[in-house]
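Worksheet: one structure, shown below.
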Amino acid sequence: MLLSQELVLPSGLRLPNRMSKAAMAEGLAATTHDPNQKIRKAYREWAKGGWGMILTGNVQVSDDYLGAPQDIDVPAQNTDELQAAWREWATECQASGTPTIVQLNHPGRQSPAGAGKKSFFTKNLAPSPIGLNFGPGILAKVASKVLFGTPKEMTVQDIKLVIDQFVEGAKRSYDAGFKGVELHAAHGYLLAQFHSPATNRRTDEFGGSAHKRVEISLRIIRRIRAVTSPNFSISIKFNSADAATDKTEDVLEQIRLLVDAGIDFLEISGGTYENPLMMGDDGVAKQDMSEDKPMKASTIKRESFFLEFAQTVRKSFPGLVLMVTGGFRTRTGMEGALQSGACDIVGVGRPAAVYPDFPTKIILNENVKDEDANANLPRIEVEGAEKWIVKISGVTALGAGKTTRVYQEHIGSMAAIKA
Ligand SMILES: Cc1cc2nc3c(=O)[nH]c(=O)nc-3n(C[C@H](O)[C@H](O)[C@H](O)COP(=O)(O)O)c2cc1C
């Protein structure tokens, strides 16, 4: 079985198998935004689970702008105590030899009010002053205005500061003993906002062409390489070309530039707050699942939401290590994806929150028959008042928000410290 085989990345990092725990914001760092006891307890459980690689939940590189109020962040001022907590975190994640990568993020225009030190009146940052569009309804417009507002177009100075913040996050991860960092450039966050022409209308060195739109990520990668070592893994989580404005040839050119800059692997995902494709049909109110909404039959057959795009990338970049995340639930689905050559690593999110030991207990366990090797997760339904609000507001992100809440409760149970 390919799934259980070792994979050596170009950086030299050895993954004992091809199953990676995907990044999941833990929702547990409410007041201190550090890798606290509870968070480290959850990672001790994942460390025992037999994963080939662990990706942490997103760590915000600016403490002013968080993706959610409970995120871990990289405060401008480091302290010995904080760095010691990071070191302990890295040691605990890797206690059984599973390499662990810190996912670094900046939410850009997707930082809700109250998340981070920014004041209620401070605008979010984005490449261009384009607010989130949750749909035509008045409630959708109010939700986007009140929660996120219209972002400020970043100055070149703002961009340079954000680059420094990513580099600082990587340096602290490296010093703590993590094996690498992954830049979060998917799900509509700041780097994805730069990459896409739908949200980047700049005409300076950071916009105007596919190359210039990815320039911010290229600079971050080169600077991280300069302050770490050649065997420190630098990867990127990247959206498939899912916005109508994202041309496949532009996205492929951006990937070529990222490969030239020295990424170790590319993780493929998709979706944004406006259109949360990364959650599949979880959280989508049932009455909305008519005609165009239900998942394509081909997607159901091969499980993964983004495998088709991975195949397109594979054709242009046969040697690039590809990880695909989204929808994998069964051994046969994961093994099939690897055997097809579309990807080299399968990323697993929600099942990992329910079964921290999903690889050893189920998928890689030879005593479990193929037909039983399945996460069997129930679909998350949006019900009651919430369903009504989703329906009248048209804001599908609220459904995805419920999914996130449900799985963060699972992570919370893993993190409960037993006396
Ligand atoms: C609770 C929760 C938190 C998540 N947080 C992150 C995150 O911090 N960074 C990220 O890239 N994706 C995040 N995701 C998305 C997952 O990494 C993954 O792309 C998505 O859940 C689809 O994979 P799955 O079908 O295996 O769950 C999160 C998902 C969940 C359920």
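Can you name the number of the only condition in (1) in contact (Cβ under 8 Å) with a residue 60 or more places away in the chain; (2) within 21 Å of the chain's Cα centre (by Cα); (3) more than 16 Å from ALA90 (Cα to Cα); (4) surrounded by fewer than 23 Cβ atoms within 10 Å (Cβ to Cβ) that GLU45 fails?
Exception for GLU45: condition (3).
Among the residues of segment 1-42, how many are at negative phi, within 13 Å of the ligand (Cβ to nearest atom) and either in a helix (DSSP H, G or I) or touching a residue at least 60 places away in the same chain (Cβ under 8 Å) (or both)?
11
How many of the residues in segment 361-386 are assigned to a helix (DSSP H, G or I) and more than 26 Å from the chain's Cα centre (by Cα)? If you could, list the steps in order and put the result at the bottom.
Just the residues of segment 361-386 that are assigned to a helix (DSSP H, G or I), to begin with: 361-363, 370-372, 384-386.
Checking the rest, the ones that are also more than 26 Å from the chain's Cα centre (by Cα) come to 370-372, 384-385.
Of the residues in that region, 5 qualify.
Please give the number of the condition ASP204 fails out of (1) more than 16 Å from the ligand (Cβ to nearest atom); (2) modelled with pLDDT of 95 or more; (3) out of contact with any Asp or Glu (no Cβ under 7 Å at 6 or more places or on another chain); (4) assigned to a helix (DSSP H, G or I).
Status for ASP204: all satisfied but (4).
Pick from segment 323-360 the residues that are hydrophobic (A, V, I, L, M, F, W, C) and in a helix (DSSP H, G or I): which of them is farthest from SER233 (Cα to Cα)? If you could, list the steps in order and put the result at the bottom.
We begin by selecting, within segment 323-360, every residue hydrophobic (A, V, I, L, M, F, W, C); these are 323-324, 328, 334, 337-338, 342-343, 345-346, 348, 352-354, 358.
Right, trim to in a helix (DSSP H, G or I) and you get 334, 337-338, 352-354, 358.
Working: MET334: 24, ALA337: 24, LEU338: 21, ALA352: 22, ALA353: 24, VAL354: 28, PHE358: 24 Å.
Step by step, filter segment 323-360, then rank; the result is VAL354.
Kindly list the number of the only condition in (1) at pLDDT 95 or above; (2) more than 10 Å from the ligand (Cβ to nearest atom); (3) not polar (S, T, N, Q) that fails for PRO378.
Result: PRO378 passes all but (1).
In segment 387-419, how many residues are within 18 Å of ASN275 (Cα to Cα) and either assigned to a loop (DSSP other than H, G, I, E, B) or of a type outside the set (D, E, K, R) (or both)?
The total comes to 14.
Within the group ALA90, ALA76, ALA85, which residue is assigned to a loop (DSSP other than H, G, I, E, B), more than 16 Å from the ligand (Cβ to nearest atom) and more than 15 Å from the chain's Cα centre (by Cα)? It would help to see each step written out before you state the result.
On the way: ALA90 fails: assigned to a loop (DSSP other than H, G, I, E, B); ALA85 fails: assigned to a loop (DSSP other than H, G, I, E, B).
The unique qualifying residue is ALA76.
The values are calculated or read from the model by the stated rules, or taken from the named source; none is laboratory data. Treat the numbers as computed from the prediction; the structure is a model and nothing was measured. Methodologically, a virtual Cβ is constructed for each residue, glycine included, from the backbone with ideal geometry; neighbour enumeration extends over all protein chains shown.
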